[in-house]
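The structure appears right after this line, and notes come after that.
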Amino acid sequence: MKYMKFLTILLSLLILTACNSLELNTFDNIVQKKPEVKENTQNKNKDAITIWATENIFEGAIEEYRSTFPNKEVKVVIQDMDNLVNIYQESIISGATPDIFMIPNNHLGQFSGIDGLENLKEPPYFEESYFSQYPDGLLRSAVDISGEKMYAMPLLSFPYVTFYREDILEEYGYPTEPKALSHYLSNKENFMRLASRLKENNHYILESEQSILIMLNRSQNYFDSDLQYLGEQGSFKKTIDASILIQENELSPHLNIWDNQGKEALKNDELVMFYMASYGVDLLQSWVPEQSGKWKIAELPFGLTGVEKDSGSSLAISSTSEHKLLAWEFIKIASRQMFSMYSEPREVEFFGGQEVNAIYKDILERGQKGQPLPLDRKAKFLWDVELSEFNYGKEITPESIEQLEKSIFETIRIDQRAIQNMLDNNPSMNESDQ
């Protein structure tokens, strides 16, 4: 499958991505509403499966599906991104669902721990030969908090990576081999040393102090399986601390790589490092074709393992579907086609012949720390508000981050308690942790 086709699909998805309202049923209310046992009116055609999606990216999958099942049809119904979670959850509660839900990965947590979606870890879906083709970390992204239910199959996944000018780092005596560089930058102090040294010659290793916080929010989970907020520990906290230090030490060029000024900074060797999902490999070649052979990619700094949530998506089967096995056959075709972009080695001439898929697959194998949870939506809303204020001039300080975290803890408190009560009162869930 051609990579520019994936890029076109991705850019369409990015345009459609939008924030949902914070107003949402609490987790306690959602899990207590069981799907009604009533006739599914969404798909009366026994020869067709229906998919609810944010964008129709299934042309290739539909073609292959029809060649395998000549008398079967596929209907794709586009849903409103702004109200997607509510539309999906209300359909699950009423039982009037499609056969397949396409779920943007930044909303996966809203479907963890609720009834209404099939468990792909159980028969008739689970096939060792099929699942073994996918990285473990990627598959874990749609496993619910119990650890027992896989409620969706990954469709689109874009690992987050560091893009860097190999020639300039070599000139200043810094590591240039991808693994060596990511190891060096896993240390926050090393990151700051590199930023300070390169700034002396008008080179910058990030667009802005806000950009690494945006990277953090687009590529990381907010909570772990113990319902603990990850922002207070490990790589997540190191990234936040680095953004504060970048601002304090005036090491930011205050750029945006998506506008003309940002692209000009790439061309004049001002911006020599940035962080983006894997689709950046194609974009960078179109932005600065004259710099072919000078760039490389590596894993993220601070020990982060990131996969972009905003552009990724997964597919889930409704428990009220009358075509579950056909839906599963379609999902297998679609996910296999999309993952094929990483299946074979890909040496990119622009990046000096670097084999980029090896790095992507390593990231997907390890996966992100933590997991999607129903708590995510409120945490993301508060982070989005704060990031907007940072972009409009509010300083990133220990105090502003502390206040943000306090707001997150206060906002999720009721849902956090409801989820913990569910775990405490469900022996099968507790057994999965033992």
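All of the numbers you see were taken from the coordinates with simple rules; none came from a lab. Since this is a predicted model, take the numbers as computed values, not measurements. Using ideal geometry, Cβ is built from the backbone for each residue, glycine included, and neighbour counts are taken over all protein chains shown.
If the elastic network links every pair of Cα atoms under 10 Å, which of 166, 189, 410 fluctuates the most in the Gaussian network model of the chain?
410
Output needed: percent of Cα pairs per 10 Å distance bin for the stretch 94-150, bins running from 0 to the one holding the longest distance.
19, 54, 26, 2
What is the magnitude of the charge dipole of the chain about its Cα centre, with +1 placed on the Cβ of each Lys and Arg, -1 on the Cβ of each Asp and Glu, and no other charges, expressed in debye to the nearest 20?
Charge dipole, the chain, about its Cα centre: 600 debye, nearest 20.
What order do you get for 76, 161 when you list them from fewest to most C-beta neighbours inside 10 Å? Walk me through the numbers before you get to the answer.
Working: 76 18, 161 26.
Fewest-to-most ranking of 76, 161: 76, 161.
For the stretch 90-109 and the stretch 397-421, what is the centre-to-centre distance using only Cα atoms, to the nearest Å?
Their Cα centres are 27 Å away from one another.
Quick one: if you stick a label point 7 Å off each Cα along the C-beta vector at residue 189 and residue 259, how many nm between them?
3.7 nm
Could you list, in their original order, any pairs among 294/394; 188/378; 121/380; 267/361; 179/238; 149/380 whose Cα atoms are separated by more than 27 Å? Intermediate results must be reported in sequence, preceding the final value.
Values: 294/394 35 Å; 188/378 29 Å; 121/380 29 Å; 267/361 30 Å; 179/238 19 Å; 149/380 24 Å.
The pairs that break the limit, which is 27 Å between Cα atoms, are 294/394; 188/378; 121/380; 267/361.
Within 10 Å, count the other beta carbons around each residue, average over each peptide in 412-423, 300-311, and list them highest first.
So the order, starting with the most tightly packed, is 300-311, 412-423.
Rounded to the nearest 10 degrees, what's the angle between the helix 398-424 long axis and the longest principal axis of the chain, both from Cα atoms, 0 to 90?
The angle comes out near 20 degrees.
Work out, step by step, the length gained on full extension between residue 128 and residue 343: first 0.36 nm times the residue separation, then minus their alpha carbon distance; give nm to one decimal.
75.6 nm
Measuring from centroid to centroid over Cα atoms, what is the spacing of the stretch 116-137 and the stretch 248-320 in Å?
That distance is 32 Å.
Give the angle, between 0 and 90 degrees and rounded to the nearest 10, that separates the Cα long axis of helix 59-68 from the longest principal axis of the Cα atoms of the chain.
Its long axis makes an angle of about 40 degrees.
Please give the length that would be gained between residue 148 and residue 202 if that part of the chain were fully extended, namely 0.36 nm times their separation in residues minus their C-alpha to C-alpha distance (nm, one decimal). All intermediate terms of the calculation are to be shown ahead of the outcome.
Working: separation 54, 0.36 × 54 = 19.44 nm, distance 5.16 nm.
Extending this stretch completely gives an extra 14.3 nm.
Given the chain, report the % of alpha carbon pairs whose separation exceeds 41 Å.
Counting every Cα pair in the chain, those more than 41 Å apart make up 17 percent.
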